[in-house]
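The values are calculated or read from the model by the stated rules, or taken from the named source; none is laboratory data. Owing to the predicted nature of the structure, the values given are computational and were not obtained by experimental measurement. Virtual Cβ from ideal backbone geometry, glycine too; neighbours counted across all protein chains shown.
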């Protein structure tokens, strides 16, 4: 049976996908890493012992040794990156959402995947982080007994992903809101100050 060769793009949350293809999915191996942050790229390459690295997505698409592209970049670029991977005749695993700006682009993805007989799968990486895997192991061991109800919350440090947190003044016209702005991409997400924190990829 063929072993599928995977390139992981985006090594923030994406680091868990390197563990996924290395340890949890049969007949897959991670052969390439891609991230715009050179320090994170080099650290991940050492940790996971992957020698082929790049900071350019185009290099991943041009690599004929790559069968599957695993996309873990900010949400607003998911759709165009999925289309580019399909256009390069590669299967795709993409962190949710597949596309968050255009229904037309979603249909383009579906049609291209069908036409080229390629697979596209959305995945939530949190299930593969070490903490989630450990929790699953504890539950399955029976150590906690029979579980009837679970409540879970988490605190996310947006600084890890390059986000700045700032309060918007009334003079800027957005009273009582909190903004998340990515220093690298310029992507912004706004939430009410009295609401729960929302996830920005």
Original post:
Do we have residue 184 as closer than 28 Å to residue 40 by Cα, at pLDDT below 75, part of a loop (DSSP other than H, G, I, E, B) and outside the structural domain of residue 35 (by TED's automatic domain parsing) here?
Top reply: yes
Original post:
Out of curiosity, is residue 176 surrounded by 14 or more Cβ atoms within 10 Å (Cβ to Cβ), modelled with pLDDT under 80 and touching a strand residue (DSSP E or B) at 6+ places or on another chain (Cβ under 9 Å)?
Top reply: no
Original post:
List the pairs whose first member sits in region 135-160 and is at negative phi, whose second member is at pLDDT below 90 and exposed (fewer than 10 other Cβ atoms within 10 Å of the Cβ), and whose Cβ atoms are under 8 Å apart, counting only residues at least 6 apart or on separate chains?
Top reply: 139/147
**OP:** Filter region 116-129 for residues that are in a helix (DSSP H, G or I) and more than 17 Å from residue 68 (Cα to Cα) and give the result.
**Re:** 126, 127, 128
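So that you can scan it fast, the table gives a plain yes or no per residue for (1) more than 21 Å from residue 32 (Cβ to Cβ); (2) free of Cβ contacts under 8 Å to residues at least 60 places away in the same chain; (3) outside the structural domain of residue 60 (by TED's automatic domain parsing); (4) in contact with a helix residue (DSSP H, G or I) (Cβ under 8 Å, 6 or more places away or on another chain):
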| site | (1), (2), (3), (4) |
| --- | --- |
| 83 | no, yes, no, yes |
| 88 | no, yes, no, yes |
| 95 | no, no, no, yes |
| 102 | yes, yes, no, yes |
| 111 | yes, yes, no, no |
| 114 | yes, yes, no, no |
| 117 | yes, yes, no, no |
| 120 | no, yes, no, yes |
| 123 | no, no, no, yes |
Subject >> Segments classed as helices (runs of 4 or more DSSP H), wholly inside region 1-114, with at least 2 members that are closer than 18 Å to residue 129 by Cα >> reply: 15-19, 38-48
Subject >> Residue check, residue 109 in contact with a strand residue (DSSP E or B) (Cβ under 8 Å, 6 or more places away or on another chain), more than 14 Å from residue 69 (Cα to Cα) and modelled with pLDDT of 90 or more >> reply: yes
